[in-house]
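Presented below is the structure to which this report refers.
The values are calculated or read from the model by the stated rules, or taken from the named source; none is laboratory data. Remember, predicted model here, so these are calculated numbers, not experimental data. Positions of Cβ are generated from backbone atoms using ideal geometry, with glycine treated the same way; all protein chains shown enter the neighbour counts. The protein model used for the area step is the full one, side chains on, heavy atoms only, and it has no ligands, DNA or RNA in it. Shrake-Rupley method; radii C 1.70, N 1.55, O 1.52, S 1.80 Å.
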Amino acid sequence: MTFRRALLATAVIVAATILPPGTAGADDEIAINGTYIAFSDGRWARTNDSRHDERSVTQIWTITSSCTTYQDCTGQVVSDHGWSGELVYLSGRWRVSHIVPDWEPCFDGTALPGKQTFVFWVGYPPEPGVYVGWDKTEGPSGACGVNRVLDIEMPFRLTRQG
């Protein structure tokens, strides 16, 4: 009997350390839903790895998401700036992208679209309802006849309203 109890205790300890956190009730622990303030801080923007100021942007996001496991979450973001995008959770980070029309102006007066991607995660130390990350927008390679991708990256903060 003592051997069986020791074996059971060992199995419980091993299971507790091997099984990933959040496997029970993953939807409650990982999924994010509700209205959030999305803030991209232009004071710390970088363009092609050089820091400079950009205009800071504040949006209101309505987020709906659900998880089937602690690793498999998807959802939707709807912004008050008129765009929406598919939300995906992967490796502890949320990601949502959308296309910004006429984002990169060219010398000839035309403009090309950019792809804006927000990547965010729970900050450290964790604050309830607050996520931190990056807002990065990239133009297409070779845009406007220049063989260099234009990208702008800004720190990003997502805060639950209410």
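Tabulated data for the structure shown
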| quantity | calculated |
| --- | --- |
| Calculated from backbone phi, Karplus (6.51, -1.76, 1.60) coupling profile of segment 145-162 in Hz, x at Gly/Pro | x, 10, 7, 8, 6, 8, 9, 10, 10, 9, x, 9, 9, 10, 10, 5, 7, x |
| For His81, distant residues with modelled amide H under 5 Å away | Ile60 |
| Residues with amide H under 5 Å from that of Ser56, placed H, sequence gap 5 or more | Gly42 |
| Contour excess over end-to-end distance, with Cα ends at Asp108 and Asp80 and 0.36 nm allotted per residue | 6.9 nm |
| Paramagnetic reach from Asp49 (point 7 Å along Cα→Cβ, amide N under 16 Å) across segment 144-162 | 148-153 |
| In Å², nearest 10: area of Asp53 left accessible to a 1.4 Å probe | 100 Å² |
| Shape category assigned to segment 16-159 from the gyration tensor of Cα positions, a/c cut at 1.5 | prolate |
| Solvent-accessible ranking of Thr58, Thr117, largest area first, probe 1.4 Å | Thr58, Thr117 |
| Rounded to whole Hz, the Karplus (6.51, -1.76, 1.60) HN-Hα couplings of segment 49-65, x for glycine and proline | 6, 10, 6, 6, 7, 10, 6, 6, 10, 10, 10, 10, 10, 10, 10, 10, 8 |
| Spin-label model distance (nm) - Thr35 vs Val57, 7 Å beyond Cα toward Cβ | 2.1 nm |
| Computed over segment 47-162: relative contact order in percent, which uses C-alpha pairs under 8 Å that are six or more apart | 17 percent |
| Global geometry of segment 69-151, whether rounded, prolate or oblate, following the gyration tensor of its Cα atoms and the 1.5 cut on a/c | prolate |
| ³J(HN,Hα) computed for each position of segment 114-122 - Karplus, 6.51 cos²θ - 1.76 cosθ + 1.60, integer Hz, glycine/proline x | x, 9, 9, 10, 9, 10, 8, 8, 5 |
